[in-house]
Amino acid sequence: MAANDFRAPRLFLDHPLSVGAGSDLDRRGAHYLVNVLRLRAGDEILVFNGRDGEWRARLVSSGPKRWRLEFGEQTRSQTPASDLRYLFVPLKQARLDYMIQKAVEMGVGRITPVLSDFGQVRKVNPERLRANAIEAAEQCGLLALPGIDAVEPLGRVLDRWPDDNPDRRLLFCDEAAGETDPLSILSQLAGAQLAVLVGPEGGFSDEERRRLRSASWSTAVPLGPRILRADTAAIAALAIVQAVIGDWRRRAPASGD
């Protein structure tokens, strides 16, 4: 796979990408390229749609205040979405925006908002979640976008867990966990398919914690001696998972490489 080109602007397009094809820009795309980035006709950018890889595209004027992208060659082939799943209790909007962007940057492949007993926010705008995921992918050279689930009560999600893979383990961040070292816990789960659950600012209720601790597929993971805000806990948990048993680990070369 070609190396990322971090100098060229990147834009997500919900449009098929192929050699010789093109796409008229919507208002958001045209404003971003022409007014924010100050690009002009003939300038090149990179585009992706989460399905067809990354392509080089040329900006073309198609009329007064109308712009179009014409696609050239493919610069990178499509990569699959990460298998790592992230469940969270919604936060207030500004912090939620930040948390979603960082979760995508940390390699999450599926995002699941859940409602818990102590959560303060009860509604989630799925289009805003998607917009934040796209923004993170644009800025960080990602090709795959995470799936985004509809918000549901945590209990309902646990009722049918695991709904996508019978071997998936759920790691829930628990400030009341008896252990203090998350590394020793995670090292025992190397090779497992994982989901990470971060609760609200007030933590899980006694009933939620009892249910999570009693499930055979669930593991409580501490995040050290300090109480963290939910958005900070999310980044810390995902970083630890990726560093200990995730895609931050150096892959051994295959035989003959």
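Every number here is computed from the coordinates shown, using simple stated rules; none is lab data. Please read all numbers here as calculations on a predicted model, not as lab measurements. Every residue, glycine as well, gets a Cβ built from its backbone with ideal geometry; the counts of neighbours run over all protein chains shown.
Could I have the simple spin-label model distance between S205 and A41, label points 7 Å from Cα toward Cβ, reported in nm to one decimal?
Label at S205, label at A41, 6.3 nm between them.
Distance in nm between label sites at R122 and N4, each 7 Å beyond Cα in the beta-carbon direction?
Calculated label separation equals 4.0 nm.
Given H placed 1.01 Å from N in the peptide plane, which residues other than close sequence neighbours of L115 have an amide H under 5 Å from its amide H?
Here the answer is E152, L154, since their amide H atoms fall under 5 Å of that of L115.
Note down the relative contact order for region 1-71 as a percent, whole number, built from C-alpha pairs under 8 angstrom at least six residues apart.
Rounded, it is 37 percent for region 1-71.
Explain nothing, just the number: relative contact order of region 1-158, from Cα pairs under 8 Å at least 6 residues apart, as a whole percent.
Working: 281 pairs, mean separation 34.9, N = 158.
Relative contact order, region 1-158: 22 percent.
May I ask which residue of F12, T219, W161 lies farthest towards the positive end of the charge dipole of the chain, with charges of +1 (Lys, Arg) and -1 (Asp, Glu) on Cβ and the Cα centre as origin?
Going by the charge dipole, the pick is F12.
Return the sequence-ordered ³J(HN,Hα) values of region 150-155 in whole Hz as given by the Karplus equation 6.51 cos²θ - 1.76 cosθ + 1.60 applied to θ = phi - 60°, using x for Gly and Pro.
My calculation for region 150-155 gives 5, 5, 9, x, 4, x Hz in order.
According to a simple spin-label model (label point 7 Å from Cα along Cα-to-Cβ), what is the distance in nm between S214 and R66?
Label-label distance for R66 and S214, simple model: 6.4 nm.
Which ³J(HN,Hα) values in Hz, rounded to whole numbers, follow from the phi angles of region 66-73 under the Karplus curve 6.51 cos²θ - 1.76 cosθ + 1.60, where θ = phi - 60° and Gly and Pro get x?
Here the 3J(HN,Hα) series is 10, 9, 9, 10, 10, 8, x, 9 Hz.
Using only Cα atoms, tell me the angle between helix 126-140 and the longest principal axis of the chain; keep it within 0 to 90° and round to the nearest 10.
On a 0 to 90 degree scale, this one is about 70.
Given charges of +1 on the Cβ of Lys and Arg and -1 on the Cβ of Asp and Glu, with all other atoms neutral, how large is the dipole of region 147-236 about its Cα centre, in debye to the nearest 20? Please report the intermediate quantities before stating the final value.
Details: 10 positive and 15 negative charges, 28 e Å.
The dipole of region 147-236 has a size of about 140 debye.
Can you give the charge dipole size of the chain about its Cα centre, rounded to the nearest 20 debye, using +1 on the beta carbon of Lys and Arg and -1 on the beta carbon of Asp and Glu?
Result for the chain is approximately 620 debye, rounded to the nearest 20.
Which listed residue (A21, L129, T112) has the Cα farthest towards the positive end of the charge dipole for the chain, taking +1 on Lys and Arg C-beta and -1 on Asp and Glu C-beta about the Cα centre?
Comparing the listed Cα positions along the dipole, A21 ranks first.
For region 18-67, with only Lys/Arg (+1) and Asp/Glu (-1) charged at the beta-carbon, what is the dipole magnitude about the Cα centre, in debye rounded to 20?
On the way: 9 positive and 6 negative charges, 49 e Å.
In debye, rounded to 20, region 18-67 gives about 240.
Starting from the amide H of T219, placed 1.01 Å from N in the peptide plane, find each other amide H under 5 Å away whose residue is 5 or more places distant or on another chain.
So T219 has HN proximity to L170, L171, F172.
Quick one: pull the percentage of alpha-carbon pairs in region 140-257 with a separation above 18 Å. Don't skip to the answer; put the middle values down first.
Details: 3929 of 6903 pairs.
More than 18 Å apart: 57 percent of the Cα pairs in region 140-257.
Divide by every residue of the chain the summed helix terms, -39500 (n - 2.57) for each DSSP H run of at least 4, and state the resulting mean residue ellipticity at 222 nm, rounded to the nearest 500 deg cm²/dmol. Can you show the working numbers first?
Details: 7 runs with 68 residues, N = 257.
Value at 222 nm, helices only, nearest 500: -7500 deg cm²/dmol.
Among bridges DSSP assigns within the chain, what percent are antiparallel (round to 5)? It would help to have the intermediate numbers written out before the result.
Values: 16 of 39 bridges.
Antiparallel bridges: around 40 percent, rounded to the nearest 5.
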